[in-house]
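Visitor: Attaching a single structure in structure tokens format; questions to follow.
Derivation of every value follows stated rules applied to the coordinates shown; laboratory data play no part. In this text, all values refer to a predicted model and were calculated from it rather than measured experimentally. When we count neighbours, we look across all protein chains shown, and the Cβ atoms used for this are built from the backbone with ideal geometry, even at glycine.
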Amino acid sequence: MISHMNLLVTGAAGFIGSHFVLRHMAQYPDDTVVVLDKLTYAANREFLRPVADAITFTEGDIADQALVASLVKKHVIDCIVNFAAESHVDNSISDATPFLHTNVIGTQALIEVVKAHPGVRLLHVSTDEVYGDIGSEDAPRKVGDPLFPSSPYAASKAAAELLVMAAMRTFKIHACVTRCTNNYGPHQADEKFIPTVIRNALSDTTIPVYGDGKNKRDWIYVTDHCDAIEKILHTDFAFWDESVPSTNPNDTPGCGHFFNIGIDREWENIEVVKTILDLLGKPHDLIGFVEDRKGHDWRYALDSSATRALGWEPKVQFEEGLQKTIDWYKAKYV
Ligand SMILES: NC(=O)c1ccc[n+]([C@@H]2O[C@H](COP(=O)([O-])OP(=O)(O)OC[C@H]3O[C@@H](n4cnc5c(N)ncnc54)[C@H](O)[C@@H]3O)[C@@H](O)[C@H]2O)c1
């Protein structure tokens, strides 16, 4: 176990990054945590208020390589954990430009800084959407499976992780890539599916459900995702040594370590909506089916055995996580 880490956490004023920092500071209060966030519409610095005095916050862009390098140098950073992204698929369909800037150019800027500071590791947070969708009977995706992104968002995330992989192979940077399934929980931007369902249900407004609502996702509670990242930081990643064979059966020698993170339980979108309505005591006739999203992925499913082999297990049951999520949004919206 590493005794102390100096982390640069990007995008930590957003949904997942904020939970990661709050949990990390609770578990490792002596660590140094520096946050770099551009404070886009998806961010809220208030999420970090409980740890505001314990962390250093910098407003800025991950694509600003000089800024990232100065933070790494000043705070003697051991590891960059990259959550920063444009993350909403629908927005990427309207305009992909900000996605290319942050997700691709921004990630390359972080890679350049890691290349210039060989002691610094990069944990790059990616998504299962890089695999594209899979059929009802297909096996869960393994790390070595082909990437087949459907949306500009997923394509930008795939491009980013391929840049990380190329830097691992060519420059031997010390990096990991995590591909997690759909997250839910407090702090998620209002535009996302579950916040939209809760908000509309609370105001008795029609809940728009794409297509026939049968698309399946493996929903993970946000803190379970954060715990998986901590596990990777403190086990596999901490003891990285290219001379020692990886414990990850999916790794390609010399290509670094890739981890899928999912809970192996799929829910149809319509089941999610009905469960939320039931938990809120609202009628199912609030559901209104709308024209399907362009390129809407049918199903995601992941083989997360390599992450589980590190000793990680998801802890939060779906209904329990949904109730916590509903309670948080109730306090926000009502
Ligand atoms: N939400 C999910 O279901 C999910 C699932 C798997 C993977 N991911 C990945 O996890 C990461 C975090 O996702 P999220 O849902 O918390 O996103 P989010 O949109 O809630 O937060 C993104 C954060 O990044 C910041 N940011 C955006 N552009 C930036 C830039 N150029 N420089 C610095 N900061 C910038 C924003 O201000 C915001 O605080 C993303 O990389 C996303 O691809 C998300």
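Visitor: Within region 185-233, track down each residue that is of a type outside the set (Val, Ile, Thr), closer than 22 Å to GLY295 by Cα, buried (at least 21 other Cβ atoms within 10 Å of the Cβ) and touching a Gly at 6+ places or on another chain (Cβ under 7 Å).
Guide: Within region 185-233, just ASP218 meets the criteria.
Visitor: Kindly indicate whether ILE220 is within 15 Å of the ligand (Cβ to nearest atom), out of contact with any helix residue (DSSP H, G or I) (no Cβ under 8 Å at 6 or more places or on another chain) and of a type in the set (A, V, I, L, M, F, W, C).
Guide: In short, yes.
Visitor: Still on this structure: Tally up the residues in region 1-20 that are crowded, with 22+ Cβ neighbours inside 10 Å and assigned to a loop (DSSP other than H, G, I, E, B), please.
Guide: Here the count works out to 4.
Visitor: Turning to a different aspect of this structure: Do you know which of the residues in region 19-50 that are among the β-branched types (Val, Ile, Thr) and closer than 22 Å to THR107 by Cβ is farthest from the ligand (Cβ to nearest atom)?
Guide: So, considering only residues that are among the β-branched types (Val, Ile, Thr) and closer than 22 Å to THR107 by Cβ, the one farthest from the ligand (Cβ to nearest atom) is VAL33.
Visitor: Could you list, in sequence order, all residues of region 65-110 that are among the small types (Gly, Ala, Ser), outside any loop (DSSP other than H, G, I, E, B), touching a residue at least 40 places away in the same chain (Cβ under 8 Å) and more than 10 Å from the ligand (Cβ to nearest atom)?
Guide: If the condition is that a residue be among the small types (Gly, Ala, Ser), outside any loop (DSSP other than H, G, I, E, B), touching a residue at least 40 places away in the same chain (Cβ under 8 Å) and more than 10 Å from the ligand (Cβ to nearest atom), then ALA69, SER92 are the ones that fit.
Residues checked against (1) surrounded by 23 or more Cβ atoms within 10 Å (Cβ to Cβ); (2) more than 18 Å from THR223 (Cβ to Cβ); (3) not hydroxyl-bearing (Ser, Thr, Tyr):
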position: LEU22; (1), (2), (3): no, no, yes
position: THR32; (1), (2), (3): no, yes, no
position: ARG45; (1), (2), (3): no, yes, yes
position: THR56; (1), (2), (3): no, yes, no
position: LEU71; (1), (2), (3): no, yes, yes
position: ILE80; (1), (2), (3): yes, yes, yes
